[in-house]
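Notes for the one structure printed next.
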Amino acid sequence: MIRGKFITLEGGEGVGKTTNMKYVQQLLENTGRSVVVTREPGGTGMAEKIRDILLDRQSEGMTPVTELLLMFAARSQHIVHVIEPALQRGQWVLCDRFTDATFAYQGGGRGMDVETIAWLEQCVQGELRPDLTLLLDAPVATGMGRAQRRGDFDRFEQEQVEFFERVRQVYLQRARLNQRRFKIIDAAQSLDCVQKNIAEAIAVLS
Ligand code: TMP
(Lines give C-alpha, C1' and ligand atoms only; values in the text may rest on other atoms or scores of the structure.)
Protein backbone atom coordinates (compact mmCIF):
# COMPACT_ATOMS: atom_id res chain seq x y z
CA MET A 1 0.00 0.00 0.00
CA ILE A 2 1.42 3.40 -1.00
CA ARG A 3 1.22 5.86 1.86
CA GLY A 4 -1.09 8.85 1.25
CA LYS A 5 0.02 12.47 1.32
CA PHE A 6 -0.62 14.89 4.13
CA ILE A 7 -1.64 18.42 3.09
CA THR A 8 -2.27 21.27 5.51
CA LEU A 9 -3.87 24.65 4.97
CA GLU A 10 -2.69 27.51 7.15
CA GLY A 11 -3.15 31.24 7.54
CA GLY A 12 -4.40 33.98 9.83
CA GLU A 13 -8.02 34.95 10.37
CA GLY A 14 -10.28 35.68 7.37
CA VAL A 15 -7.85 34.53 4.66
CA GLY A 16 -10.39 32.21 2.99
CA LYS A 17 -9.44 28.84 4.45
CA THR A 18 -12.98 27.42 4.42
CA THR A 19 -13.61 28.19 0.73
CA ASN A 20 -10.21 26.92 -0.29
CA MET A 21 -10.37 23.74 1.81
CA LYS A 22 -13.39 22.77 -0.32
CA TYR A 23 -11.51 23.70 -3.47
CA VAL A 24 -8.48 21.56 -2.59
CA GLN A 25 -10.73 18.64 -1.66
CA GLN A 26 -12.45 18.92 -5.04
CA LEU A 27 -9.14 19.08 -6.90
CA LEU A 28 -7.88 15.95 -5.19
CA GLU A 29 -11.12 14.03 -5.64
CA ASN A 30 -11.18 14.98 -9.33
CA THR A 31 -7.90 13.12 -9.73
CA GLY A 32 -9.44 10.04 -8.11
CA ARG A 33 -7.90 10.37 -4.64
CA SER A 34 -9.72 9.23 -1.55
CA VAL A 35 -9.48 12.24 0.77
CA VAL A 36 -9.99 12.59 4.51
CA VAL A 37 -10.86 16.20 5.33
CA THR A 38 -10.27 17.24 8.90
CA ARG A 39 -9.25 20.13 11.12
CA GLU A 40 -7.28 21.23 14.17
CA PRO A 41 -7.81 21.67 16.95
CA GLY A 42 -10.34 18.86 16.54
CA GLY A 43 -10.93 15.94 14.21
CA THR A 44 -11.97 13.31 16.80
CA GLY A 45 -14.69 13.31 19.44
CA MET A 46 -12.30 14.06 22.27
CA ALA A 47 -10.23 16.56 20.27
CA GLU A 48 -13.42 18.45 19.34
CA LYS A 49 -14.25 18.73 23.06
CA ILE A 50 -10.77 20.14 23.65
CA ARG A 51 -11.41 22.56 20.76
CA ASP A 52 -14.57 23.79 22.48
CA ILE A 53 -12.58 24.58 25.63
CA LEU A 54 -9.83 26.31 23.61
CA LEU A 55 -12.18 28.54 21.61
CA ASP A 56 -14.69 29.29 24.36
CA ARG A 57 -14.52 32.91 25.49
CA GLN A 58 -15.70 31.67 28.90
CA SER A 59 -12.37 29.85 29.32
CA GLU A 60 -11.09 32.84 31.21
CA GLY A 61 -7.64 32.74 32.71
CA MET A 62 -6.38 29.96 30.47
CA THR A 63 -2.61 30.19 30.74
CA PRO A 64 -0.45 30.06 27.60
CA VAL A 65 1.04 26.79 28.87
CA THR A 66 -2.42 25.21 29.25
CA GLU A 67 -3.35 26.44 25.78
CA LEU A 68 -0.19 24.96 24.27
CA LEU A 69 -0.62 21.61 26.00
CA LEU A 70 -4.29 21.36 25.01
CA MET A 71 -3.36 21.99 21.37
CA PHE A 72 -0.90 19.10 21.50
CA ALA A 73 -3.26 16.89 23.52
CA ALA A 74 -5.92 17.29 20.82
CA ARG A 75 -3.26 16.70 18.15
CA SER A 76 -2.10 13.44 19.69
CA GLN A 77 -5.67 12.06 19.60
CA HIS A 78 -6.11 13.28 16.05
CA ILE A 79 -2.87 11.79 14.74
CA VAL A 80 -3.29 8.38 16.36
CA HIS A 81 -6.97 7.90 15.58
CA VAL A 82 -7.45 9.72 12.26
CA ILE A 83 -4.41 11.07 10.40
CA GLU A 84 -1.93 8.22 10.66
CA PRO A 85 -4.45 5.39 9.97
CA ALA A 86 -5.74 7.25 6.89
CA LEU A 87 -2.23 7.82 5.50
CA GLN A 88 -1.42 4.16 6.08
CA ARG A 89 -4.57 3.13 4.17
CA GLY A 90 -3.27 5.20 1.24
CA GLN A 91 -5.79 8.01 1.68
CA TRP A 92 -4.77 11.64 1.39
CA VAL A 93 -5.36 13.79 4.44
CA LEU A 94 -6.34 17.43 4.05
CA CYS A 95 -6.17 19.26 7.36
CA ASP A 96 -7.38 22.76 8.19
CA ARG A 97 -4.39 23.91 10.33
CA PHE A 98 -1.73 21.82 12.04
CA THR A 99 1.46 22.43 14.02
CA ASP A 100 2.57 25.48 12.02
CA ALA A 101 -0.45 27.15 13.65
CA THR A 102 1.00 26.30 17.06
CA PHE A 103 4.32 27.92 16.18
CA ALA A 104 2.45 30.94 14.80
CA TYR A 105 -0.27 31.42 17.47
CA GLN A 106 1.27 30.03 20.66
CA GLY A 107 4.86 30.87 19.64
CA GLY A 108 4.37 34.15 17.78
CA GLY A 109 1.05 35.32 19.23
CA ARG A 110 1.49 34.26 22.85
CA GLY A 111 5.30 34.36 22.94
CA MET A 112 5.83 30.74 24.02
CA ASP A 113 9.34 29.38 23.68
CA VAL A 114 9.97 27.91 20.21
CA GLU A 115 12.21 25.13 21.49
CA THR A 116 9.50 23.95 23.88
CA ILE A 117 7.05 23.82 20.99
CA ALA A 118 9.56 21.95 18.84
CA TRP A 119 10.10 19.46 21.69
CA LEU A 120 6.36 18.84 22.01
CA GLU A 121 6.11 18.49 18.24
CA GLN A 122 8.72 15.74 18.29
CA CYS A 123 7.13 14.07 21.29
CA VAL A 124 3.59 14.04 19.85
CA GLN A 125 4.31 13.58 16.14
CA GLY A 126 7.54 11.63 15.88
CA GLU A 127 8.51 11.90 12.21
CA LEU A 128 5.06 12.98 10.99
CA ARG A 129 5.19 16.28 9.09
CA PRO A 130 2.94 17.59 6.28
CA ASP A 131 4.04 16.85 2.69
CA LEU A 132 2.66 20.19 1.56
CA THR A 133 1.53 23.26 3.48
CA LEU A 134 -0.48 25.92 1.68
CA LEU A 135 -0.07 29.21 3.52
CA LEU A 136 -2.83 31.66 2.67
CA ASP A 137 -1.27 35.01 3.40
CA ALA A 138 -2.95 38.41 3.50
CA PRO A 139 -2.30 41.67 5.34
CA VAL A 140 -3.78 41.43 8.84
CA ALA A 141 -6.21 44.30 8.24
CA THR A 142 -7.66 42.55 5.17
CA GLY A 143 -8.17 39.26 6.98
CA MET A 144 -9.55 40.83 10.15
CA GLY A 145 -12.03 42.86 8.11
CA ARG A 146 -13.39 39.67 6.55
CA ALA A 147 -13.45 37.84 9.91
CA GLN A 148 -15.27 40.75 11.55
CA ARG A 149 -18.03 40.61 8.96
CA ARG A 150 -18.64 37.00 10.05
CA GLY A 151 -19.21 38.30 13.62
CA ASP A 152 -19.35 36.32 16.89
CA PHE A 153 -15.66 36.15 17.89
CA ASP A 154 -14.08 33.14 19.57
CA ARG A 155 -11.28 33.36 22.17
CA PHE A 156 -8.58 33.81 19.49
CA GLU A 157 -10.50 36.10 17.16
CA GLN A 158 -10.92 38.64 19.96
CA GLU A 159 -7.14 39.25 20.07
CA GLN A 160 -5.63 42.56 18.96
CA VAL A 161 -4.01 43.43 15.63
CA GLU A 162 -0.49 43.13 17.11
CA PHE A 163 -1.16 39.49 18.03
CA PHE A 164 -2.13 38.68 14.45
CA GLU A 165 0.86 40.59 13.07
CA ARG A 166 3.13 38.33 15.12
CA VAL A 167 1.18 35.27 13.93
CA ARG A 168 1.61 36.35 10.31
CA GLN A 169 5.33 37.01 10.68
CA VAL A 170 6.00 33.57 12.18
CA TYR A 171 4.04 31.87 9.41
CA LEU A 172 6.04 33.76 6.76
CA GLN A 173 9.32 33.06 8.50
CA ARG A 174 8.56 29.33 8.71
CA ALA A 175 7.55 29.30 5.04
CA ARG A 176 10.84 30.92 4.05
CA LEU A 177 12.81 28.41 6.12
CA ASN A 178 10.93 25.38 4.71
CA GLN A 179 10.53 26.30 1.08
CA ARG A 180 10.22 22.72 -0.12
CA ARG A 181 7.21 22.03 2.08
CA PHE A 182 5.47 25.42 2.00
CA LYS A 183 3.71 27.25 -0.78
CA ILE A 184 2.80 30.84 0.06
CA ILE A 185 -0.44 31.91 -1.62
CA ASP A 186 -1.26 35.61 -1.80
CA ALA A 187 -4.80 35.52 -0.39
CA ALA A 188 -5.41 39.20 -1.11
CA GLN A 189 -5.67 38.40 -4.84
CA SER A 190 -8.94 37.49 -6.56
CA LEU A 191 -10.32 34.03 -5.72
CA ASP A 192 -9.53 32.91 -9.29
CA CYS A 193 -5.85 33.76 -8.89
CA VAL A 194 -5.69 32.18 -5.43
CA GLN A 195 -7.17 28.96 -6.78
CA LYS A 196 -4.88 28.95 -9.80
CA ASN A 197 -1.88 29.13 -7.43
CA ILE A 198 -3.33 26.37 -5.27
CA ALA A 199 -3.91 24.10 -8.28
CA GLU A 200 -0.27 24.58 -9.36
CA ALA A 201 1.01 23.62 -5.93
CA ILE A 202 -1.17 20.52 -5.77
CA ALA A 203 -0.13 19.46 -9.30
CA VAL A 204 3.52 19.42 -8.23
CA LEU A 205 2.68 17.10 -5.33
CA SER A 206 0.67 14.66 -7.44
P1 TMP B 1 -10.04 27.97 12.99
O2 TMP B 1 -10.77 29.23 13.33
O3 TMP B 1 -9.18 28.11 11.80
O4 TMP B 1 -10.91 26.77 12.95
O5 TMP B 1 -8.98 27.69 14.17
C6 TMP B 1 -9.30 27.80 15.48
C7 TMP B 1 -8.37 28.74 16.18
O8 TMP B 1 -7.37 27.99 16.84
C9 TMP B 1 -7.67 29.76 15.30
O10 TMP B 1 -7.90 31.05 15.85
C11 TMP B 1 -6.21 29.42 15.43
C12 TMP B 1 -6.12 28.63 16.71
N13 TMP B 1 -5.06 27.64 16.75
C14 TMP B 1 -3.98 27.85 17.57
O15 TMP B 1 -3.90 28.85 18.25
N16 TMP B 1 -2.99 26.89 17.60
C17 TMP B 1 -3.06 25.72 16.89
O18 TMP B 1 -2.15 24.88 16.97
C19 TMP B 1 -4.22 25.52 16.04
C20 TMP B 1 -4.31 24.26 15.24
C21 TMP B 1 -5.18 26.50 15.99
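Just a few scattered comments:
- Semi-axis lengths, Å, the chain, gyration tensor of Cα atoms, sqrt of 5 times eigenvalues: 25, 21, 16
- Per-residue ellipticity at 222 nm, computed for the chain from helices alone with -39500 (n - 2.57) per DSSP H run of at least four residues, works out to -15000 deg cm²/dmol.
- Three-way shape call for the stretch 1-45 based on the alpha-carbon gyration tensor, with the a/c threshold at 1.5: oblate
- Burial ranking of peptide ranges 17-26, 78-87 (average Cβ count within 10 Å, highest at the top): 78-87, 17-26
- Under 14 Å from the Cα of LYS17 - aspartates and glutamates, other chains or at least 8 residues apart: GLU40, ASP96, ASP137, ASP186
- The stretch 4-28-the stretch 163-206 distance, computed between alpha-carbon centres (Å): 11
- When the charge dipole of the chain is built from unit charges on Cβ atoms (+1 for Lys and Arg, -1 for Asp and Glu) and taken about the Cα centre, the candidate among THR18, SER34, CYS193 whose Cα reaches farthest toward its positive end is SER34.
- The convex hull of the Cα atoms of the stretch 108-151, projected and averaged over all directions, covers 4.9 nm².
- Portion, in percent, of the accessible area of the chain that falls on carbon or sulfur, probe 1.4 Å: 51
- Rough spin-label spacing in nm, given labels placed 7 Å along Cα→Cβ, for LEU177 and ARG146: 2.6
- Neighbourhood net charge (12 Å Cβ-Cβ; Lys/Arg +1, Asp/Glu -1) for VAL82: 0
- Converting the Cα gyration tensor eigenvalues of the stretch 49-124 into ellipsoid dimensions via √(5λ) gives semi-axes, longest first, of 24, 15, 10 Å.
- Remark: the chain carries a charge dipole of roughly 600 debye about the Cα centre, counting +1 on each Lys and Arg Cβ and -1 on each Asp and Glu Cβ.
- Total charge dipole magnitude, the stretch 100-165, about the Cα centre, Cβ charges on Lys, Arg, Asp, Glu only, Debye to nearest 20: 300
The values are calculated or read from the model by the stated rules, or taken from the named source; none is laboratory data. Remember, predicted model here, so these are calculated numbers, not experimental data. Cβ: placed from backbone, ideal geometry, glycine included. Neighbour counts: every protein chain shown. Surface areas here come from the heavy atoms of the whole protein model, side chains and all, with no ligands, DNA or RNA. Shrake-Rupley method; radii C 1.70, N 1.55, O 1.52, S 1.80 Å.
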